[in-house]
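See below for the structure under consideration.
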Amino acid sequence: MRGKRKKKGMPNQGNAASLKTQGGHGQVFQKDMELEFLIEDMGVEGQGIGKAGGIIFFVKDAVLGDRVLVKVMKMKKNYGYARLIKILEPSPYRTEPCCPYARQCGGCQIQALDYSQQLKFKENKVRNNLMRIGGFSLEDEIWHPILGMDEPFNYRNKAQFPIGKDKDGRIVIGFYAARSHRIIPNRKCFLGMEMEATEQILQYVVSYLEENGVSVYDEATGEGLVRHLLIRYGYATKEVMACIIVNGKFLPYEERLAEKLQAVEGMAGIVLNVNEEKTNVILGQETRCIWGKGYITDYIGGVKYQISPLSFYQVNPVQTEKLYQKVLEYAGLTGEEVVWDLYCGIGTISLFLAQRAKWIYGVEVVEPAIEDARRNAEINGIENVEFFVGKAEEVLPEFYERGAEADSGMVHPDVIVVDPPRKGCDEKCLETIVKMEPERVVYVSCDSATLARDLKYLCKEGYEVGEIQGVDMFAQTVHVETVVMLSHKKPDSVINVKVEFGEGEGKVPLDNIAKRAEAYKPKERVTYKMIKGYIEAKYGFKVHTAYIAEVKRDLGLPMYDAPNAVEKLKQPRKHPTAEKVEAIKDALKHFEVI
């Protein structure tokens, strides 16, 4: 007889691992049980880790060295989660958070941990991920101490505030509670710069909403107008921008809001951003300037940048300059190198490196970001850069396939810099990096787990890790930036051969050496550029690279392998005329290719 179907949402009674777990010596742990233990370690998300009866427990808000009283909340097969009830003996590393909402807010996971210990925690996080995920044995000479902050508060140049209503229908503005979208009313974030200006802006926005009866967005229903407030600051320029994100095309009485916000010192622009999607994504793609400029300006190491609401721009300007200086150092630029900068955003790294490179190619999938990058190059008078819109994993293989025979710096760069999002590099992008054979790869990462995975791939394909540098860009949080320099592996062994030149027994005559060198001297590599130049000079017309490739294929000449060639062209490729075919064959004969 069939058993009764288990009701949806009921735990599986046949497997009670989620309800209770047996530890050592037969001890059983179950929900709501109270325990005491010492916090011996910290997890990657900043939770304290302690043991009871051989079972590991994760405890939010506990720090290394605390002795705690906890209540078990959930049990898994080999570990559990517990809630902190009381700190019985505080850790010597525990500090009093300056923010009264530190435990509630999801922004600062480790504000209760002494800053020197925060840096050790982050170093260990990166090192452990590289060892456990990447399989690296990290020698001390390639590992550099993390670059910490002189002042680990008031460093963020961007703040995002959700706007909603509380259970009594009053407007609230603040930050989301940890692991939820419940808004904690808080107008004073200790990580943000220009705290006084921020509080002013928040006050003006709330009073405008209340005085004019403007509705706020409800995530549950998708109704209401005003969703978020985004504020950006220029660290060097002291400029301020306020961006109101709305679920609609217009903001009622927007001139009244603009009039209020103009009073804030440094206010450079007030912008409306349209996001009508029912989504957790904060910004939409459409923006409109209500007053002033639609951007602010700022500087990194002497390079000027225009930053719009949609621009990706590192949130910690002081540490960003340290980070980019490290990228520049690891790139080893002397002024003669060709560099690809993948996931380039608004061109911050590209333009920073362009001051010391021969040429920079930048790639970014967000079209407005590339528009910003080109504008930033123009306002700085930087001409040795070129930017492309598209996914790095699509653009890079396309250029490799298109120019693999042209022997150009685009296809065989000296350095490739990657600064991908948290998910890391696409494997196709990594494959193409390996095929392009740059002398060095500089990898900038905001997630050491995906960094470890990608480094493992690159090191299997002929590269080795030469330098590792952590940079603390996000004090009071568990996040850390890492820069890694990779280079081609050196030969495993070297054979030394001693040769004597001259006349006599056992010596090699110099005349013979010269003759043999001339006989075996390799022919100069014939590039598409040479062929095209010859044809234009002799026949007076130009031929496309694709035409030369087609003629070579028809003649059965060897071609470079291009495994990442696109399967389908966006437009049908034209074929060369008979006149151009003959011109190409003539050029191939001239250069002794045929």
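The values are calculated or read from the model by the stated rules, or taken from the named source; none is laboratory data. As the structure is a prediction and not an experimental result, all values here were calculated from the model. Please note that ligands, DNA and RNA were not included when accessible areas were found on the heavy atoms of the full protein model with its side chains. Shrake-Rupley method; radii C 1.70, N 1.55, O 1.52, S 1.80 Å.
Just the Kirkwood number for the range 304-448, please: inverse of mean 1/r across all distinct Cα pairs, in Å, one decimal. Numbers along the way, then the final one.
Working: mean 1/r = 0.0661 Å⁻¹.
About 15.1 Å, per the Kirkwood formula over Cα pairs.
Based on the alpha carbons, how large is the Rg to Rh ratio for the chain when Rh follows Kirkwood? Walk me through the intermediate numbers first.
Working: Rg = 30.5 Å, Rh = 28.7 Å.
Ratio value, two decimals: 1.06.
What full-extension length gain, to one decimal in nm, is calculated for ASN280 and ARG553 as 0.36 nm per residue of separation minus the Cα-Cα distance? Numbers along the way, then the final one.
On the way: separation 273, 0.36 × 273 = 98.28 nm, distance 5.13 nm.
So the chain would gain 93.1 nm between ASN280 and ARG553.
Residue by residue through the range 352-360, which ³J(HN,Hα) values in whole Hz follow from phi under the Karplus form 6.51 cos²θ - 1.76 cosθ + 1.60 (θ = phi - 60°), with glycine and proline marked x?
For the range 352-360, the Karplus-derived couplings read 5, 7, 4, 5, 10, 10, 6, 7, 10 Hz, x marking Gly and Pro.
Using only the alpha-carbon atoms of the range 73-222, report the extent along each of the three principal axes, biggest first, to the nearest angstrom.
Computed over the Cα atoms, the extents are 63, 42, 35 Å.
To the nearest 10 square angstrom, how much accessible area does SER308 have with a 1.4 angstrom probe?
Only protein atoms counted, so the area is about 20 Å².
How high is the relative contact order of the chain, in percent, with contacts defined as C-alpha pairs under 8 Å that are six or more residues apart? Please report the intermediate quantities before stating the final value.
On the way: 1113 pairs, mean separation 56.1, N = 594.
Averaging sequence separation for qualifying contacts and normalising by length gives 9 percent for the chain.
I need to check one value: relative contact order of the range 298-373, counting alpha carbon pairs closer than 8 Å and at least 6 residues apart, in percent. Each step should come with its number before you reach the end.
Values: 99 pairs, mean separation 24.6, N = 76.
32 percent.
Restricting the count to DSSP beta bridges whose residues both fall in the range 101-215, what percent are antiparallel, rounded to a multiple of 5?
On the way: 7 of 8 bridges.
Among the beta bridges of the range 101-215, antiparallel pairing accounts for roughly 90 percent.
222 nm [θ] for the chain, helices only, -39500 (n - 2.57) per DSSP H run of 4+, per residue, to 500?
Working: 13 runs with 159 residues, N = 594.
Only helices count here, giving -8500 deg cm²/dmol.
Using the heavy atoms of the protein chains alone and a 1.4 angstrom probe, what is the accessible area of the range 155-286 per residue in square angstrom?
Details: 6210 Å² over 132 residues.
Roughly 47 Å² per residue, with all protein chains present.
Return the carbon/sulfur percentage of the accessible area of the chain, one whole number, probe 1.4 Å, all protein chains in place.
Numbers: 15510 of 31700 Å².
Looking at the chain in its full context, I get 49 percent from C and S.
Among the DSSP beta bridges whose two residues both lie in the chain, what percent are antiparallel, rounded to the nearest 5?
Details: 70 of 105 bridges.
The antiparallel proportion sits near 65 percent.
Any idea of the accessible area per residue across the range 409-456, 1.4 Å probe, to the nearest Å²? Mind dumping the intermediate values first?
Numbers: 1560 Å² over 48 residues.
Value for the range 409-456: 33 Å² per residue.
Just need the relative contact order of the range 40-137 here, percent rounded to a whole number, with Cα pairs under 8 Å and 6+ apart. Provide the component values of the computation, followed by the final result.
Numbers: 151 pairs, mean separation 19.7, N = 98.
Across the range 40-137, relative contact order equals 20 percent.
Starting from the residue with the highest accessible area, list THR95, THR320 in decreasing order, probe 1.4 Å. It would help to have the intermediate numbers written out before the result.
Numbers: THR95 50, THR320 0 Å².
Listed by decreasing accessible area, they come as THR95, THR320.
Work out the count of Lys pairs in the range 45-191 where the Cα-Cα distance is under 15 Å, with the pair 8 or more places apart or on different chains.
10
Using the Karplus equation 6.51 cos²θ - 1.76 cosθ + 1.60 (θ = phi - 60°), what ³J(HN,Hα) coupling, rounded to whole Hz, does each residue of the range 333-343 give in order, writing x for Gly and Pro?
7, 10, x, 10, 8, 9, 10, 9, 10, 8, 6
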